[in-house]
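Report on the structure given below.
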Amino acid sequence: MVCRRCGVEQLRRVDSFERISLADDPADPNCGHYYVDMVHVVRCSACGHRQEKVAKRSPFPSLKEAQKELDSYIIGKG
């Protein structure tokens with residue numbers, strides 16, 4: 001992965017989190033579904049710029065199912 005600001009390839013992971021996102025790209029086979037994304041926040045060692053990198057996407061047909069999956073991970077049952 002390359003820094004979007006300065007182009008350096010030396011990025012270091014500083015944080016991570018999960019979020020729910022809607023697949024709204026018509027070219028995506030899961031268009032209209034919801035993703036639970038595992039996101040890593042990385043920091044450039046040269047300029048300090050922070051950016052996100054989606055490491056994993058899991059599709060779910062409904063928002064309720066995606067929320068249930070995210071909640072089960074948070075409380076440790078996933």
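With contributions of -39500 (n - 2.57) from each DSSP H run of at least four residues, the per-residue ellipticity at 222 nm computed over the chain stands at -5000 deg cm²/dmol.
Rounded to the nearest percent, how much of the accessible area of the chain (1.4 Å probe, protein heavy atoms only) is carbon and sulfur? After summing per-atom areas, the C and S share lands at 48 percent.
Computed from backbone phi, the HN-Hα couplings of segment 29-41 come to x, 9, 4, x, 8, 10, 10, 9, 9, 9, 10, 9, 9 Hz, rounded to whole numbers (Karplus: 6.51 cos²θ - 1.76 cosθ + 1.60, θ = phi - 60°; Gly and Pro given as x).
Based on the alpha carbons, how large is the Rg to Rh ratio for the chain when Rh follows Kirkwood? Write down the numbers at each step before the final one.
Values: Rg = 15.0 Å, Rh = 13.9 Å.
We get a ratio of 1.08 for the chain.
Relative to the Cα centre, what is the charge dipole magnitude of the chain, using +1 at the beta carbon of each Lys and Arg, -1 at the beta carbon of each Asp and Glu, and rounding to the nearest 20 debye?
Working: 13 positive and 11 negative charges, 83 e Å.
The calculated dipole for the chain is roughly 400 debye.
Take the Cα of C31, step 7 Å toward its Cβ, do the same at V2, and the gap between the two points is 2.9 nm.
Stretched out straight at 0.36 nm per residue, the stretch from R19 to S72 would grow longer than its current Cα-Cα span by 17.8 nm. When the residues F17, F60 are ordered by accessible surface, computed with a 1.4 Å probe over the protein chains alone, the sequence from largest down reads F17, F60. Using a probe of 1.4 angstrom and keeping all protein chains present, the accessible surface of the chain works out to 70 square angstrom per residue. For the chain, find the longest principal axis of its Cα atoms and tell me its angle to the long axis of helix 63-74, 0 to 90°, nearest 10. Long axis of 63-74 versus the principal axis of the chain: about 60 degrees.
The values are calculated or read from the model by the stated rules, or taken from the named source; none is laboratory data. Note that the coordinates shown come from a computational prediction; the quantities given were computed from them, not determined experimentally. Neighbour counts are summed over all protein chains in view; Cβ atoms, including those assigned to glycine, are modelled from backbone coordinates with ideal geometry. Remember, those area values only see protein heavy atoms, side chains included, never the ligands or the DNA or RNA. Shrake-Rupley method; radii C 1.70, N 1.55, O 1.52, S 1.80 Å.
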